[in-house]
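Colleague: Structure incoming, see below.
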Amino acid sequence: MAIINDILQGFLTTVKGMIVTGKECFVPAVTVQYPTEKRPIPERFRGMLVNDASICIACDKCVRICPVNCLYCEGEGKGKARRASVFTIDYVKCCWCALCVEVCPVDSLYMSHDYETVFTDRSQMIRDFCQDPIPPIGGRQKPAEESSDNPAEKKEGESNSGRAAA
Amino acid sequence: MITPAQPKPLQGEPLVVHMGPQHPSTHGVLRVELHTDGEVVERAIPNIGYLHRCKEKIGESIGYDAYVPYTDRMDYLAAMNNNWTWAMCVEKLAEIEVPERAEYIRVFVGELNRIASHLVAVGTYGLDLGAFTPFLHAFREREMTLDILEELSGGRLCFGYVRIGGVAEDMTARAMDMTRRFLKQFRAKLDSFNELLSFNHIFIKRTANIGALSGEQAIAYGITGPMLRASGVDWDLRRDEPYSIYNRFEFDIPVGQGLKGQVGDNWDRYWIRIREMYESTRILEQVIDGFPEGSHMGKVPAVLRPPKDAEVYVRTECPRGELAFYMISDGSKVPFRLKARGPSFCNLSVFEELTRDMLIADVVATLGTFDVVMGEVDR
Ligand code: SF4
Ligand code: SF4
């Protein structure tokens, strides 16, 4: 008797489940046909890391914080005129953690909204932003004028870097 | 005359079958050595270590704040909770105050991540037993929680959002709206998920009364989290040792009752996760109603140098159980010693005991309820 009950129950509860599935026919699909259709990217999306080398002051902060040592920076010039002469990032190692973006006092470093990047070779994944400036593709960068004139002031007033406040 | 040799009685030498490391139901790179006698598994020995990445040693060589992304990759299904535990540990070590708003955001992301993690657990558990549709339903809901977390942090899996002293970025109004919309329909979705899988008679037949873990056994093996509660032990750090601001919220701790079979069987372990999701929605509702104003980041020294010989042990309730960090500082920029206690690792230790003399198909069904994340087992 128990087995008949099992069969009956198994059948009935499966039909119940099927009704749930059947209802889904009338719910709009949530899937996106990726290459032709793209979902909107949120403001804080972390895509490829980009540096605007024209305003980077080569302070080395990002290099020091990076947990995987994928940044390399060399600067030239003194004081306010100091600018990066070499700034490379190794995309092989980068883990898109955005720690470097947070410490950057002039906001020259930012995560772009670009996520469709293909490399055919590892050497291409090391990018020097001084030789090969990347056109910004949108991202959480602040306006450049605001940040470029006085890095020290910017650092004090910036609300989102907690470590700079203390 | 030559007498033919008498055939020896059949020797019951166990046949060793390797399940994994690339088996779909091991949820990662876990290799289980099955010593089988026919259909019955005499011993199932989990072999781990395929994903070992020296997490503890790395923690001893890089700075406190740079370690946050590494904690993401321990239990990658509940990255927020891992970040949070790490941040709490360092804050206790260096005596850093966290603003109230940051605590609210932390509870918010922690509970959302718990829902996301449990949805993976129950969805893939259906998949292990051959039910494909519930998996799609679970992942569709999970996608909504991930959208909210992406709106806040910018990442979808490894968030790196909870930082020492607070959280990386402030809460947004859009994320709040998304959460309200999500909460409005999530319970109904869970109810229909129950119809689809939890109360399906075939599913119950496959899981109830199998792999029952008693409360004493669970405590003896150091099992924590949903697995412990499914065995009837009423213990949840969020209520019994309230950290952060959990004492401000009202929620129940679901405990296994053996509704469909014994207490602590596979179905109970599965059901506890569904009920925890209901409770998490309750906490989330209270959190978004009571969001205080203020800063999302406390005062953190530019270079973190905790006092010499400070020693902390901090544990929190992650979706899989208690995650703890033990740390000794020698006054420098890096910890002198770091030890992580992962819930999956401890939970997996009972696997061999639990699967003794089980059928092969039930071993898969049992492993699924453990909800192990190999990134955390091996670290
Ligand atoms: S995003 Fe993280 S890993 Fe990548 S360069 Fe910045 S700090 Fe390094
Ligand atoms: S922190 Fe910013 S300014 Fe300093 S070196 Fe890095 S990118 Fe340049």
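Colleague: Note down the relative contact order for segment B:231-379 as a percent, whole number, built from C-alpha pairs under 8 angstrom at least six residues apart.
Modeller: It comes to 17 percent, rounded to a whole number.
Colleague: Checking the cross-link filter: which aspartates and glutamates have an alpha carbon closer than 16 Å to that of B:Lys260, excluding same-chain neighbours under 8 positions apart?
Modeller: B:Lys260 reaches A:Asp6, B:Glu195, B:Asp268.
Colleague: Is the shape of segment B:258-343 best called rounded, prolate or oblate, per the rule: a/c under 1.5 gives rounded, else a/b larger than b/c gives prolate, else oblate, with a ≥ b ≥ c the square roots of the Cα gyration tensor eigenvalues?
Modeller: In terms of gyration-tensor shape, oblate.
Colleague: How much solvent-accessible surface does A:Tyr91 expose, in Å² to the nearest 10, with a 1.4 Å probe and all protein chains in place?
Modeller: Its heavy atoms expose roughly 10 Å² to the probe.
Colleague: List the equivalent ellipsoid semi-axes of segment A:49-142 in whole Å, largest first, each obtained as the square root of 5λ for an eigenvalue λ of the Cα gyration tensor.
Modeller: Rounded to whole Å, the semi-axes are 20, 14, 13.
Colleague: Can you give the extra length, in nm with one decimal, that the chain gains between A:Met1 and A:Thr31 once fully stretched, where that is 0.36 nm per residue apart less the Cα-Cα distance?
Modeller: On the way: separation 30, 0.36 × 30 = 10.80 nm, distance 4.50 nm.
Length gained, A:Met1 through A:Thr31: 6.3 nm.
Colleague: Using protein chains only (no ligands, no nucleic acids) and a 1.4 Å probe, work out which residues of segment B:164-183 have their accessible area cut by at least 40 Å² relative to the chain alone.
Modeller: Listed in order, they are B:Glu169.
Colleague: All other residues with a Cβ under 13 Å from the Cβ of B:Lys92 taken together, and with Lys, Arg as +1 and Asp, Glu as -1, what is their net charge?
Modeller: Net of charged neighbours comes to -3.
Colleague: Just reorder B:Lys339, A:Lys80 by solvent-accessible area, largest first, 1.4 Å probe, all chains present.
Modeller: A:Lys80, B:Lys339
Colleague: Let me ask something else. Any idea of B:Asp309's accessible area? Nearest 10 Å², probe 1.4 Å.
Modeller: 110 Å²
Colleague: Related question: May I ask you to give the percent of accessible area on segment B:229-312 that is carbon plus sulfur, with a probe radius of 1.4 Å?
Modeller: Details: 1650 of 3590 Å².
Carbon and sulfur together cover 46 percent of it.
Colleague: Would you kindly compute the Cα radius of gyration of segment B:54-354 and its largest Cα-Cα separation (Dmax), both in Å?
Modeller: 19.3, 59
Colleague: Please report, to two decimal places, log10 I(q)/I(0) for segment B:136-220 at q = 0.14, 0.17, 0.18 Å⁻¹ as given by the Debye formula with identical point scatterers on the Cα atoms and no solvent.
Modeller: Reported log10 I(q)/I(0), two decimals: -0.75, -0.85, -0.88.
Colleague: A further question follows. Tell me the Kirkwood hydrodynamic radius of segment A:1-89 in angstroms, computed as one over the mean inverse distance between distinct C-alpha pairs. Display every interim value, and only then the final one.
Modeller: Values: mean 1/r = 0.0515 Å⁻¹.
Hydrodynamic radius (Kirkwood, Cα only) of segment A:1-89 equals 19.4 Å.
Colleague: Can you classify segment B:183-278 as rounded, prolate or oblate using the Cα gyration tensor, where a ≥ b ≥ c are the square roots of its eigenvalues, rounded means a/c under 1.5, and otherwise it's prolate if a/b beats b/c and oblate if not?
Modeller: oblate
Colleague: Which entries of B:Lys184/B:Lys299; A:Lys61/A:Lys93; A:Lys80/B:Lys57; A:Lys78/B:Lys57; A:Lys78/B:Lys55 have Cα-Cα distances beyond 28 Å here?
Modeller: B:Lys184/B:Lys299; A:Lys80/B:Lys57; A:Lys78/B:Lys57; A:Lys78/B:Lys55
Colleague: With a 1.4 Å probe and all protein chains kept in place, how much accessible area does B:Phe291 have, in Å² rounded to the nearest 10?
Modeller: 40 Å²
Colleague: If I take R0 = 30 Å and measure r between the Cβ atoms of A:Gln131 and A:Arg64 in this structure, what FRET efficiency does the formula 1/(1 + (r/R0)^6) give, to the nearest 0.05?
Modeller: My answer for the efficiency is 0.85.
Colleague: For segment B:1-148, take every pair of Cα atoms, bin their distances at 10 Å starting from 0, and report each bin as a whole percent.
Modeller: Whole-percent P(r) values from 0 Å outward: 9, 23, 26, 20, 10, 5, 3, 2, 1, 0.
Colleague: Oh, and also: Could you rank B:Asp378, A:Asp121, B:Asp170 by how accessible they are, 1.4 Å probe, largest area first?
Modeller: Working: B:Asp378 15, A:Asp121 75, B:Asp170 45 Å².
Descending accessible area places them as A:Asp121, B:Asp170, B:Asp378.
Colleague: Under 1.5 on a/c is rounded, so check that first for segment B:69-206, then, if it is not, pick prolate when a/b is larger than b/c and oblate when it is not; a ≥ b ≥ c are the square roots of the alpha carbon gyration tensor eigenvalues.
Modeller: prolate
Colleague: If you roll a 1.4 Å probe over the heavy atoms of the protein chains, what accessible area per residue do you get for segment B:291-379, in Å²? Spell out each step's value before the answer.
Modeller: Details: 3180 Å² over 89 residues.
Each residue of segment B:291-379 exposes 36 Å² on average to a 1.4 Å probe.
Colleague: Within 10 Å, at most 10 other Cβ atoms, and a DSSP state outside H, G, I, E, B define an exposed site. Report the longest part of chain B free of exposed GluC sites (Glu not before Pro).
Modeller: Within chain B, the longest run free of exposed GluC sites (Glu not before Pro) spans B:96-249.
Colleague: State, in angstrom, two size descriptors of the protein assembly as shown derived from its alpha carbons: Rg to one decimal place and Dmax to the nearest whole number.
Modeller: Gyration radius and largest Cα-Cα distance of the protein assembly as shown: 26.1, 110 Å.
The values are calculated or read from the model by the stated rules, or taken from the named source; none is laboratory data. Bear in mind that the values here come from a model prediction, so they are computed numbers and not experimental data. So basically every Cβ, Gly included, is an ideal-geometry build from the backbone, and we count neighbours across all protein chains shown. These area figures cover heavy atoms from the full protein model, side chains too; ligands, DNA and RNA do not enter into them. Shrake-Rupley method; radii C 1.70, N 1.55, O 1.52, S 1.80 Å.
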